[in-house]
Amino acid sequence: MKSVAVVGASGAVGDVMIRMLQERKFPVGAIKFLASERSTGKSVTFAGESFSIEPLSPRAFEGVDLVLSSTPASVSKQYSPIAARAGAVVVDNSSAFRMDPDVPLVVPEVNPHDVAKHKGIIANPNCSTIQMVVALKPLHDAFRVRRVVVSTYQSVSGAGQKGLYELQMQTLAYVTGQPSPEPVKFAHPIAFNCVPQIDEFLANGYTKEEMKMVNETRKIMGDDAIDVCPTCVRVPVLYSHSESILVETEGPITPEAAREAWSHAPGLVVVDDPQACQYPLPASAADRDEVFVGRIRQDLNRPNALLFWCVSDNLRKGAATNAVQIAEELLKLDPVGA
Ligand code: 3JN
């Protein structure tokens, strides 16, 4: 049994982390819930018991074995090393340490063995990266992926509780004929709109979200020769991110061969019967842990390129489930301590 701390317990991802620990029957001994001063005093129910959220402080990690953290990167930069020095292993959902060479960046379906290289912190990748690499890994093993052109259709829950609220309030105002509330989390109104900006722009014309997909994919797949060409778009969907993906491989690839590779893939489900209008949908993927792929078709001009559509719940596989799966990999390394 492990002594667990959930940091950022009141956020959208923290809330799902708490649910996943219970749903997956993680062997929790003691547990505590930590958050910024703003959320302390709020209560959380875990295994039928009510807990008060405690303030995040350096002392809070004493005696803790496992930290599941979902905070802004600046907060993680401050507290994760403190927790690691206190003897805990931190699974961090922020971007703070993802590209640090001393920190494994793990998707258990892709690179579970990297967990063993940790020095106290393991990074959970960005949600858009996680679902894409789960789909790419079997293709990479069978055909060697060289280039990926991806456009994302990201739900508002990627921007947390405030993102969900903003879409709901703008939609309510629209349907009741009221003036639309001003955008806060998003650069433009998100109801009945698509916004081709997630996070800030960088000098190269890409957004930070897009560059996360480029760099994290290479690190998780362990192959710096994979080129990713991303466009990240926010859409008025509550839960689950969707991605349109064109993948170019070293040798020829066909839809049949890709289906065969995916048929053995852990955590992945093919939903692909276009005649029956069956393909992955964000509404169907919500509250599920798998990555769904469909609309599988050959590039019209290239024998070494394939197109498909990939959908997954960004708060579950894209964040909380992946973090708890990493913790489960840690348990496999230390079964006695478990
Ligand atoms: O917007 C989304 O759909 C995903 C957002 C992720 C995100 C938002 C703010 C800060 C991250 C992340 O996980 O990369 C971060 C961050 O940690 O930098």
Task: Filtered residues of segment 291-338 (kept if closer than 18 Å to Val237 by Cβ and not aliphatic (A, V, I, L, M)) - done: Phe292, Gly294, Arg295, Trp309, Cys310, Ser312, Asp313, Asn314, Arg316, Lys317, Gly318
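Within segment 34-62, which residues are under 16 Å from Ser80 (Cα atoms) and in contact with a Pro (Cβ under 9 Å, 6 or more places away or on another chain)? It would help to see each step written out before you state the result.
First, the residues of segment 34-62 that are under 16 Å from Ser80 (Cα atoms): 34-36, 55-62.
Leu34, Ala35, Ser36 - these are the residues of segment 34-62 that are under 16 Å from Ser80 (Cα atoms) and in contact with a Pro (Cβ under 9 Å, 6 or more places away or on another chain).
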Open item on the list: Looking only at strands (runs of 3 or more DSSP E) that lie completely in segment 268-316, which have at least 1 residues being small (Gly, Ala, Ser)?
Closed with: 291-298, 305-312
Task: Flag if Cys310 is within 16 Å of the ligand (Cβ to nearest atom), of a type outside the set (Lys, Arg) and outside the structural domain of Val6 (by TED's automatic domain parsing) - done: yes
Task: Test set (1) more than 10 Å from the ligand (Cβ to nearest atom); (2) out of contact with any Leu (no Cβ under 9 Å at 6 or more places or on another chain); (3) farther than 23 Å from Asp114 by Cβ - Ile198 fails condition number - done: (1)
Task: Where a residue in segment 146-166 is closer than 21 Å to Ser94 by Cβ and modelled with pLDDT of 95 or more and its partner, wherever it lies, is polar (S, T, N, Q) and more than 8 Å from the ligand (Cβ to nearest atom), with Cβ under 6 Å and at least six apart - done: Ser155/Ser240
- [ ] Determine the pairs where a residue that is closer than 19 Å to Val110 by Cα, located within segment 265-289, has a partner that is polar (S, T, N, Q) with Cβ atoms under 7 Å apart, the partner being 6 or more residues away or on another chain.
- [x] Asp289/Thr321
TODO: Check segment 204-218 and report whether any residue there is part of a loop (DSSP other than H, G, I, E, B), out of contact with any strand residue (DSSP E or B) (no Cβ under 8 Å at 6 or more places or on another chain) and either farther than 23 Å from Ala12 by Cα or touching a residue at least 12 places away in the same chain (Cβ under 8 Å) (or both).
DONE: yes
Open item on the list: Checking the conditions here, which among Lys32, Lys25 is over 19 Å from Asn124 (Cα atoms), in contact with a Phe, Trp or Tyr (Cβ under 8 Å, 6 or more places away or on another chain) and either in the same structural domain as Gly120 (by TED's automatic domain parsing) or at pLDDT below 95 (or both)?
Closed with: Lys32
Task: Subset of segment 45-91 [without any contact (Cβ under 8 Å) to a residue 12 or more places away in the chain and closer than 17 Å to Ala12 by Cα] - done: Thr45
Task: Filtered residues of segment 77-100 (kept if within 17 Å of Val4 (Cβ to Cβ) and polar (S, T, N, Q)) - done: Ser80, Asn93
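Based on what the data block shows, is Val247 modelled with pLDDT of 95 or more, under 16 Å from the mean Cα position of the chain (by Cα) and either among the β-branched types (Val, Ile, Thr) or closer than 15 Å to Asn304 by Cβ (or both)? Show your work before the answer.
Working: modelled with pLDDT of 95 or more: yes; under 16 Å from the mean Cα position of the chain (by Cα): no; either among the β-branched types (Val, Ile, Thr) or closer than 15 Å to Asn304 by Cβ (or both): yes.
Answer is no for this residue.
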Open item on the list: Of the conditions (1) within 13 Å of the ligand (Cβ to nearest atom); (2) outside any strand (DSSP E or B), Tyr153 satisfies every one except a single condition; which number is it?
Closed with: (2)
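Counting only residues that are surrounded by fewer than 16 Cβ atoms within 10 Å (Cβ to Cβ), away from the ligand (no atom under 16 Å from the Cβ) and not polar (S, T, N, Q), how many does segment 51-80 have? Explain how you work it out, then say what you get.
Filtering segment 51-80 for residues surrounded by fewer than 16 Cβ atoms within 10 Å (Cβ to Cβ) gives 52, 55, 57-59, 62-63, 72-74, 77-78.
Checking the rest, the ones that are also away from the ligand (no atom under 16 Å from the Cβ) come to 52, 55, 57-59, 62-63.
Now drop any that are not not polar (S, T, N, Q), which leaves 55, 58-59, 62-63.
Within segment 51-80, residues that are surrounded by fewer than 16 Cβ atoms within 10 Å (Cβ to Cβ), away from the ligand (no atom under 16 Å from the Cβ) and not polar (S, T, N, Q) number 5.
One line per residue, one yes/no per condition, for (1) within 17 Å of the chain's Cα centre (by Cα); (2) not assigned by TED's automatic domain parsing to the domain that holds Glu329:
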position: Glu109; (1), (2): yes, no
position: Lys117; (1), (2): no, no
position: Gln154; (1), (2): yes, yes
position: Gly163; (1), (2): yes, yes
position: Thr171; (1), (2): no, yes
position: His188; (1), (2): no, yes
Open item on the list: Considering only residues that are under 26 Å from Ala123 (Cβ atoms) and surrounded by fewer than 19 Cβ atoms within 10 Å (Cβ to Cβ), which ones fall in segment 175-204?
Closed with: Lys185, Gln197, Asp199, Glu200, Phe201, Leu202, Ala203, Asn204
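The values are calculated or read from the model by the stated rules, or taken from the named source; none is laboratory data. Quick caveat, the model's predicted, so the values are computed rather than measured. Please note: Cβ atoms are built from the backbone with ideal geometry, for glycine as well, and neighbour counts cover all protein chains shown.
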